[in-house]
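Asks: For reference, the structure I am asking about is given below.
The values are calculated or read from the model by the stated rules, or taken from the named source; none is laboratory data. For clarity, every value in this text was computed on a predicted model and none was experimentally measured. Cβ placement follows ideal geometry from the backbone for every residue including glycine, while neighbour counts extend to all protein chains displayed.
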2 protein chains.
Amino acid sequence: MNAAPQPLGRPRGEGRETLEARLLRRLLGSLGDPPIEFLLRWTGERVASAHGASVARVEIADRATLIGLLADPQVRFGDAYGAGRIEVVGDLVELTKVIYLSAAAQGAEGGVAQRVAGWLHRPRRNTLAGSRRNIHRHYDLGNDFYSLWLGESMAYTCAYFPSADAGLDEAQVAKMDHVCRKLRLGPGDRVVEAGCGWGTFALHMAARYGATVRAYNISKEQIKFARARASELGLGDRVEFVEDDYRNITGDYDVFVSIGMLEHVGTENYEELGRIARRSIGATGRGLIHSIGRNRPAALHPWIERRIFPGAYPPSIGQMMQIFEPSDLSVLDVENIRLHYALTLRHWLRRYEDAVGTVREMFDETLVRTWRLYLAGSIAAFETGVLQLFQVLFTAEQNNDIPLTRAHVYAAEAVDAQR
Amino acid sequence: MNAAPQPLGRPRGEGRETLEARLLRRLLGSLGDPPIEFLLRWTGERVASAHGASVARVEIADRATLIGLLADPQVRFGDAYGAGRIEVVGDLVELTKVIYLSAAAQGAEGGVAQRVAGWLHRPRRNTLAGSRRNIHRHYDLGNDFYSLWLGESMAYTCAYFPSADAGLDEAQVAKMDHVCRKLRLGPGDRVVEAGCGWGTFALHMAARYGATVRAYNISKEQIKFARARASELGLGDRVEFVEDDYRNITGDYDVFVSIGMLEHVGTENYEELGRIARRSIGATGRGLIHSIGRNRPAALHPWIERRIFPGAYPPSIGQMMQIFEPSDLSVLDVENIRLHYALTLRHWLRRYEDAVGTVREMFDETLVRTWRLYLAGSIAAFETGVLQLFQVLFTAEQNNDIPLTRAHVYAAEAVDAQR
């Protein structure tokens, strides 16, 4: 990619490109020459990939923004987009997809440099206090904000679509049932949930499966919301919401479950998480961890980690094994449902855009744009295979009370589908 | 376990124990004091666990055998059993189970020592020539030997039991169909199989699914058998058996599949295996690897590795990821079906005992006893969670032509079950 590709568009009214345009062309090359067009608003110049028609046009407002972009494209793109110094004309999802795909195609050759870059960027540590800070920053934006676009179920994790055209709320319920079936949850089961969001799943397990649930979360806003919901539903005696860190879980349970918390745990704490899970379920219980993941170790996109999810890290399956291997736990089933997260995010983005006027009133235009880019970029990441979604079912090593096949999960889902 | 437990049986005709009995008692303690009784035939002494009733009695023929056992119990027990210097009165499976369970219970405390012991024992390297030697030693014992107890399907890998009372042949067919369904195998699919045994699965894919199969194996005896079968079935034009190493696989395929070969590959060759799989299936194909595994890295039982499976190593899921992570492959599904291998082995052991007279005529008593212990010990390993059986389904990272759910696998199996 050293040879500069021929521009599709020519500098307006000039025979020669400016230095800025030439530097931007070099940046495009270093990204693997994705099919994008840039417009430098202050010179009127256009810089485009030589490879096929552009999927979108990126308009850069001024020289300072361009210089930032050249210095640190991964972080500055998102920041400038949020601040309105970069505008995208065209489909934001398609734009981020072609960037991911170009980077991946380059990875085949430039893999080492990519890996080094990944390791240099380390997420913020998730100590007890650090976790509280990190979680507060993201989840305490306010329940009202999230309720605008998460849908009825208030679940901020990947749904499960029995078919691609299922609705979001239906798919969130199907996800909860899918997990409960894998866990063979039944009446009287004692469940501990590590990281419970707004309590939706805890309440579902109690209401639909007759389980008794103790659910942990360190987000004050979410716990408040969850407790109110439990009272409304008359489930206060069967579901206890504890405002505390998963590391402080005590007690004996039949089931340990954690949906969408592992991303915030940090690999340095995986072994401890495994000990807690093993201690919780003893020799005969069942466990399930649902998490965003990777096909190989790599840091989260640095802009997402800095601006959206401080401290977050999506592990590879190999890294996740550090939870189970040291703690006498046996993995029974790993399912990768990454395309379900792309579907989920497309629902969220659609609802988010529908509610964007309200979001603007609640916050400001920067937040509106930042979250739009985050949701669109996440769709792109799941659709291009940059991110995965793993559900890992496990039990103690010597527990033979495990179903021979997984047919029971799908038999129940087939009955649901016929309703 | 330093305090010597009280014996259930007393030395016959003597007030004091011999030195041999005391040393044996110490060995029993170091094994975690499993509920076994030993009889020293030359002194008449009995040494038994203090913990509950013995599940079996181990009779040691002479002082030399005992001394060997004290020096290297893991390897010498099997050798002495094979040679008839150790006799087991009672259930051989139960005996090996309590030994595994005691060791596991000790592992919680003595974990480091166990791990060190595991690492010191390294399997024989699987270079191209080494693999040929290792495979020849095991699989070329003769097709007649294996056909005595493997059943009609001639499949020397874990079967899949739709229900625990299914027959062996039925379960072997169900295993093949289970794998084909995971791979969504259909007419015209080009399949490469790495390690094809006696060709049963290759022929099944061609006959039942309309696939075209190229199947690799380095066992001359097995390839000869497989080719004869292909001719008999009139499938010679659709299934090609290649007597060559998986490392020499070339060509483009829709499917890469390997059932029960990974155990012989050696972790040092995993990355290369991944490259071969990725190259074979390209951007849109599917792959499945079926292998014995572990919950955490540990060598195979040294007696099995030395006497039965030279060069074999069952990997943990984390270790298996070294196949996929470096090669742009994405894991879609991991299923652990270890209890199916216990069921499979129970069928094999039963058939083996039925045919034991023929085995004795073909070989000698040592082989009869060695294989009996190997089959019984393997049942114990799968039933106690010492060994696992993983099926890993994968595809290229960016391939989105993947089913949303796994329901299609179980819908087809439900139809089968109703037949």
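Asks: Looking only at the range A:327-350, decide whether some residue is without any contact (Cβ under 8 Å) to a residue 12 or more places away in the chain and within 29 Å of A:N143 (Cα to Cα).
Replies: Scanning the range A:327-350 turns up at least one residue that is without any contact (Cβ under 8 Å) to a residue 12 or more places away in the chain and within 29 Å of A:N143 (Cα to Cα).
Asks: List the number of the failed condition for A:Y410; all other conditions in (1) facing chain B (nearest Cβ under 10 Å); (2) part of a loop (DSSP other than H, G, I, E, B) hold.
Replies: Tallying (1) facing chain B (nearest Cβ under 10 Å); (2) part of a loop (DSSP other than H, G, I, E, B), A:Y410 fails exactly one: (2).
Asks: Kindly list the number of the only condition in (1) small (G, A, S); (2) crowded, with 18+ Cβ neighbours inside 10 Å; (3) more than 14 Å from chain A (Cβ to nearest Cβ) that fails for B:G251.
Replies: (2)
Asks: Let me ask you something else. Which condition does B:I308 not pass, out of (1) within 14 Å of chain A (Cβ to nearest Cβ); (2) out of contact with any Asp or Glu (no Cβ under 9 Å at 6 or more places or on another chain); (3) more than 25 Å from B:T405 (Cβ to Cβ); (4) not hydroxyl-bearing (S, T, Y), if it passes all the others?
Replies: Among (1) within 14 Å of chain A (Cβ to nearest Cβ); (2) out of contact with any Asp or Glu (no Cβ under 9 Å at 6 or more places or on another chain); (3) more than 25 Å from B:T405 (Cβ to Cβ); (4) not hydroxyl-bearing (S, T, Y), the lone unmet condition for B:I308 is (1).
Asks: Output yes when any residue across the range B:296-316 is assigned by TED's automatic domain parsing to the domain that holds B:R406, surrounded by fewer than 23 Cβ atoms within 10 Å (Cβ to Cβ), modelled with pLDDT of 95 or more and closer than 30 Å to A:T384 by Cα, and no when none is.
Replies: Looking for residues that are assigned by TED's automatic domain parsing to the domain that holds B:R406, surrounded by fewer than 23 Cβ atoms within 10 Å (Cβ to Cβ), modelled with pLDDT of 95 or more and closer than 30 Å to A:T384 by Cα, one finds at least one in the range B:296-316, hence yes.
Asks: A follow-up question, please. Could you tell me whether A:Q418 is under 21 Å from the mean Cα position of the chain (by Cα), surrounded by fewer than 21 Cβ atoms within 10 Å (Cβ to Cβ), farther than 20 Å from A:L95 by Cα and within 14 Å of another protein chain (Cβ to nearest Cβ)?
Replies: Against the criterion (under 21 Å from the mean Cα position of the chain (by Cα), surrounded by fewer than 21 Cβ atoms within 10 Å (Cβ to Cβ), farther than 20 Å from A:L95 by Cα and within 14 Å of another protein chain (Cβ to nearest Cβ)), A:Q418 does not qualify.
Asks: Looking at (1) under 18 Å from A:V415 (Cα atoms); (2) of a type outside the set (D, E); (3) out of contact with any Cys (no Cβ under 9 Å at 6 or more places or on another chain); (4) part of a helix (DSSP H, G or I), can you tell me which one A:A228 breaks?
Replies: (1)
Asks: Taking B:E94, is it modelled with pLDDT of 95 or more and out of contact with any Pro (no Cβ under 8 Å at 6 or more places or on another chain)?
Replies: yes
Asks: Also, I was wondering about something else. Please work out if B:S54 is part of a loop (DSSP other than H, G, I, E, B), surrounded by 21 or more Cβ atoms within 10 Å (Cβ to Cβ) and either modelled with pLDDT of 95 or more or not assigned by TED's automatic domain parsing to the domain that holds B:V368 (or both).
Replies: yes
Asks: Here's something else I'd like to know. Being within 14 Å of chain A (Cβ to nearest Cβ) and touching a Leu at 6+ places or on another chain (Cβ under 6 Å): is that true of B:R296 here?
Replies: no
Asks: May I ask you to list the residues in the range A:356-377 that are among the aliphatic types (A, V, I, L, M) and either within 11 Å of A:L148 (Cβ to Cβ) or surrounded by fewer than 17 Cβ atoms within 10 Å (Cβ to Cβ) (or both)?
Replies: A:V356, A:V359, A:M362, A:L367
Asks: Here's a follow-up. Would you check if there is a residue in the range B:169-192 being in a loop (DSSP other than H, G, I, E, B), closer than 27 Å to B:R351 by Cβ and in contact with a strand residue (DSSP E or B) (Cβ under 8 Å, 6 or more places away or on another chain)?
Replies: Checked the range B:169-192: no residue is in a loop (DSSP other than H, G, I, E, B), closer than 27 Å to B:R351 by Cβ and in contact with a strand residue (DSSP E or B) (Cβ under 8 Å, 6 or more places away or on another chain).
Asks: Counting only residues that are touching a residue at least 60 places away in the same chain (Cβ under 8 Å) and within 7 Å of chain B (Cβ to nearest Cβ), which one in the range A:389-401 is surrounded by the fewest Cβ atoms within 10 Å (Cβ to Cβ)?
Replies: Here the answer is A:Q398.
Asks: Scan the range B:69-80 and tell me whether some residue there is surrounded by 17 or more Cβ atoms within 10 Å (Cβ to Cβ) and more than 28 Å from B:R360 (Cβ to Cβ).
Replies: Within the range B:69-80, none of the residues are surrounded by 17 or more Cβ atoms within 10 Å (Cβ to Cβ) and more than 28 Å from B:R360 (Cβ to Cβ).
Asks: What's the number of the condition B:R369 fails, among (1) out of contact with any Pro (no Cβ under 8 Å at 6 or more places or on another chain); (2) closer than 27 Å to B:L185 by Cα; (3) of a type in the set (D, E, K, R)?
Replies: Status for B:R369: all satisfied but (2).
Asks: Can you name the residue in the range B:331-347 that is of a type outside the set (A, V, I, L, M) and in contact with a strand residue (DSSP E or B) (Cβ under 6 Å, 6 or more places away or on another chain) and is also farthest from the other protein chains (Cβ to nearest Cβ) among such residues?
Replies: Filtering the range B:331-347 for residues that are of a type outside the set (A, V, I, L, M) and in contact with a strand residue (DSSP E or B) (Cβ under 6 Å, 6 or more places away or on another chain), the one farthest from the other protein chains (Cβ to nearest Cβ) comes out as B:Y341.
Asks: Only one residue in B:L300, B:L375, B:L288 is within 24 Å of B:E397 (Cα to Cα) and among the aliphatic types (A, V, I, L, M), so which one is that?
Replies: Of B:L300, B:L375, B:L288, the one residue that is within 24 Å of B:E397 (Cα to Cα) and among the aliphatic types (A, V, I, L, M) is B:L288.
Asks: Give the residue that is surrounded by the most Cβ atoms within 10 Å (Cβ to Cβ), with candidates limited to residues of the range A:109-168 that are assigned to a loop (DSSP other than H, G, I, E, B) and modelled with pLDDT under 60.
Replies: Residue satisfying both the conditions and the ranking: A:P123.
Asks: On to the next question. Restricting attention to the range B:261-283, which residues are within 17 Å of B:E193 (Cα to Cα) and part of a loop (DSSP other than H, G, I, E, B)?
Replies: B:M261, B:V265, B:G282
Asks: For residues that are surrounded by fewer than 23 Cβ atoms within 10 Å (Cβ to Cβ) and within 14 Å of another protein chain (Cβ to nearest Cβ), scanning just the range A:171-191, find the one that is nearest to A:G260 (Cα to Cα).
Replies: A:V179
Asks: Sticking with this structure for a sec: Check whether at least one residue in the range B:410-419 is touching a Leu at 6+ places or on another chain (Cβ under 7 Å) and modelled with pLDDT of 95 or more, and report yes or no.
Replies: Looking for residues that are touching a Leu at 6+ places or on another chain (Cβ under 7 Å) and modelled with pLDDT of 95 or more, one finds none in the range B:410-419, hence no.
Asks: Here's a follow-up. Report, by residue number, each residue of the range B:270-290 that is over 19 Å from B:L185 (Cβ atoms) and either more than 14 Å from chain A (Cβ to nearest Cβ) or crowded, with 24+ Cβ neighbours inside 10 Å (or both).
Replies: Correct list: B:E272, B:L273, B:I276.
Asks: Of the numbered conditions (1) under 22 Å from B:G318 (Cβ atoms); (2) crowded, with 22+ Cβ neighbours inside 10 Å; (3) at pLDDT 95 or above, A:V213 satisfies every one except a single condition; which is it?
Replies: Every condition holds for A:V213 apart from (1).
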